[in-house]
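Working notes for the structure below.
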Amino acid sequence: MDRLNGAANLMIVSDLDFTMVDHDDPENLALLRFNALWEAYYRHDSLLVFSTGRSPTIYGDLRKQKPLLTPDITIMSVGTEITYGESMVPDDGWKQYLDHKWDRDVVLEETTKFPELTMQSETEQRPHKISFYLEKGKAPNVVKALSKCLEKRGLDVKIIYSNGIALDVLPQAAGKGRALAFVLEKLNAGGLGPRNTLVCGDSGNDAELFTVPAVNGVLVSNAQEELLHWYTENARSNPQIVHATERCAAGIMQAIGDFSLGPNVSPRDIGDCMSSGKVLGPSHEVVMFYIFYERWRCGEVENPKQYMHNLKSVFHSTGNCVHPSGVDQSMHHVIDTFEKAFGDKKDQYYQVWVDSLSFAEVSLGSWLVKFDKWEISGNKSQGCLTKVLMNSKVDAPHHYTWMHLHQTWLDGLGEKDEVSWLL
C-alpha cells in the first residue's frame, strides 16, 4: 500500500471460492478477465482485499492452483486473521481485539457434546476459529443449542453456518464484516480510506460484508441459498446491494459498471488489443502487450505480418532484453525469436497474466514499470519479476517505446523452462 499517496480510489473486498474464483471454469477465463482489468486500470491507485473462509494453509494452496492476483490485504479464516502485503504481515492488534470473552478450550469442550459435529482438518483449526462439518438438516437445532451452551459458560461467540456443510465458531468480535470494519477504520486513520468500496460474496459467511456502512455490494449470480435468503430478508430494497446476472468474477466486473465505480470492460474483451486506440498509461500498455503475447503464441492473431511491423516500432532498435537466465540480447533479436513462435502453444493450455504492476516516472517522459509476469503452459506455471524502462513518444505521448526489459525468476517455483520463456 506504500504506492498510495492518499485515499484509495476503489477498494474491492471479495470472497474467493465461487466469488472471485469459479471452480466450474477450468480455464479461469473470468478470473483472468478480472486480473487484466485490475492491473490495467486500478492497481496503481486502488486496493484489492481477499476475504476468505480459508485458513492460511489452504489459501496458499489455492494461490498455487489458480491465477490469483496478489492482494493488498488478506482476511482469512472467516475474518479472524488479517495480513498485509505480499509478505502477509499479521495484524497483531486484531488478534488482541479478538481475545475478549474467547476461550478456545471451553469451545472444544462444549462441542464434544454434539455428536452431529465433525471436526474439519487440523489446518482449518485456528487460534480464533474452530471449524466443523454439519449436515444441513441438523444445522438449525445444533446452532441454537450450542449457542446456549457457550453463553452459559460465559463466552461471547458467533456461530456461522455456510455452504450447507460448514460450521465455524468464532469470537463475537470476529467475522468478515467486523474484520472489514476494522481495516477501514485503520485505513481512514492513515488517510488511505477508499472513496468507494465494493464487497462481493456468494455464501452465508459473506453476509456480514454487506452490513458494513457505506459499502456497495454484489451477490454473484451463483450465490448460495443461505445468502439469497439473507438478501431477500434484509437487502432486496437496498439500491447499494445488487444480485448480479453474471457468475463469480464476471459478476464483480458487472457490479463495477452498475455502480459506476470506474472502467469495467476487461482488456481481454477487446479483440484487437494492439490496435485498440489510445493507451491509458504504462500499466495499460503492459497488460495489452501480454494479452497480445498470449494470443500470438496461441496462433489467435490475424494478419501476423502487419502486427510484427507494428511491434518492432514499439521496441526500440537499440534496446536490450535480459532473459531470466541472464542472457542479454537486443530487443529486436528477441522480437525476431518471438515472431517465429507464432502458434507454438496452439491447442495447448496456455495463459499469461501480470500481477503487482507498479510504475513511476523516473525522468520527464521516461517510466520504470515493475510487475510479476506469469505463464501457465500445460500444468506448469512460471513467473518472473520484470522491469521495463519505457519512454512516451514525443509525437504521441500516450504511446510508449520499450527501451529495456530485465527479468529474473521468482523464487520457489521449481524447474524453470528457459527455452520456451521468451520475454
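Database remark: amide H of residue 246 closer than 5 angstrom to the amide H of 221 (H placed geometrically; neighbours at sequence offset of 5 or more, or on other chains; Pro and chain starts carry no H).
Computed over segment 1-96, the Cα gyration tensor eigenvalues convert (square root of 5λ each) into semi-axes of 21, 19, 10 Å, ordered from largest to smallest. In this view, the solvent-accessible surface of residue 417, computed with a 1.4 Å probe and all protein chains in place, comes to about 50 Å². Between segment 229-249 and segment 99-146, the alpha-carbon centres lie 29 Å apart.
Per residue, the average separation of C-alpha pairs within less than 8 Å and at least 6 apart gives segment 101-171 a relative contact order of 38 percent.
For segment 270-409, the alpha carbon convex hull comes to 112 Å³ per residue, rounded to a whole number.
Using the Cβ-Cβ distance between residue 385 and residue 106 with R0 set to 60 Å, the FRET efficiency works out to roughly 0.80. Annotation: extensible slack from residue 233 through residue 118 equals 38.4 nm (criterion: 0.36 nm per residue apart, minus Cα-Cα distance). For trypsin sites (Lys or Arg not before Pro), the sites in segment 119-227 that DSSP calls loop and that have at most 15 other Cβ atoms within 10 Å are 153, 195. The amide H of residue 193, built 1.01 Å from its N in the peptide plane, has 8, 188 as neighbours under 5 Å, considering only residues 5 or more places off or on other chains.
Only Cα pairs under 8 Å and at least 6 apart count here; give the relative contact order of the chain as a rounded whole percent.
Relative contact order for the chain comes out at 15 percent.
Approximating the spin labels as points 7 Å out from Cα along Cα→Cβ, the residue 99-to-residue 305 distance works out to 7.3 nm. Spacing of the modelled spin labels on residue 84 and residue 418, each 7 Å from Cα toward Cβ, amounts to 3.9 nm. Helical runs (DSSP H, four residues minimum) scored at -39500 (n - 2.57) apiece and divided by the length of the chain put the mean residue ellipticity at 222 nm at -8500 deg cm²/dmol. In this structure segment 270-409 gives 46 Å² per residue of accessible area when probed at 1.4 Å with all protein chains present. Backbone geometry of segment 178-185 corresponds, through the Karplus equation with coefficients 6.51, -1.76 and 1.60 at θ = phi - 60°, to 3J(HN,Hα) couplings of 5, 5, 5, 4, 5, 5, 4, 4 Hz, x marking Gly and Pro.
So what is the orientation-averaged projected area of segment 101-171, using the convex hull of its C-alpha atoms, in nm²? Don't skip to the end; give the middle numbers.
Details: hull surface 16.6 nm².
That works out to 4.2 nm², a quarter of the Cα hull's surface.
Along its first, second and third principal axes, ordered by size, segment 155-273 spans 59, 38, 27 Å in Cα coordinates. Residues whose amide H lies under 5 Å from that of residue 157, counting only those 5 or more places away or on a different chain, are 172; hydrogens are built 1.01 Å from N in the peptide plane.
If you count Lys pairs in segment 134-196 whose Cα atoms are under 26 Å apart, skipping same-chain pairs closer than 8 places in sequence, the total is 18. Here the accessible area of the chain is 50 percent carbon and sulfur, with a 1.4 angstrom probe and all protein chains present.
Annotation: the antiparallel percentage among DSSP beta bridges lying fully within the chain is about 70. Per residue, the average separation of C-alpha pairs within less than 8 Å and at least 6 apart gives segment 270-409 a relative contact order of 25 percent.
Converting phi to 3J(HN,Hα) with the Karplus coefficients 6.51, -1.76 and 1.60 and the offset θ = phi - 60°, segment 308-324 yields 5, 4, 5, 5, 5, 7, 7, 9, 4, 4, 9, x, 10, 9, 9, 5, x Hz in sequence order, with x at every glycine or proline. When the Karplus curve 6.51 cos²θ - 1.76 cosθ + 1.60 is applied with θ = phi - 60°, which whole-Hz ³J(HN,Hα) does each residue of segment 124-134 get, with x for Gly and Pro? Going residue by residue, I get 8, 8, 10, x, 10, 8, 10, 10, 9, 9, 8 Hz, with x marking Gly and Pro.
For the chain, the equivalent ellipsoid derived from the alpha-carbon gyration tensor has semi-axes of 44, 21, 20 Å in decreasing order.
The values are calculated or read from the model by the stated rules, or taken from the named source; none is laboratory data. All figures in this text were calculated on a predicted structure; none of them were measured in a lab. Backbone-built Cβ (ideal geometry, glycine too); neighbour counts: all protein chains shown. Surface accessibility is based on the protein's heavy atoms, side chains included, excluding ligands, DNA and RNA. Shrake-Rupley method; radii C 1.70, N 1.55, O 1.52, S 1.80 Å.
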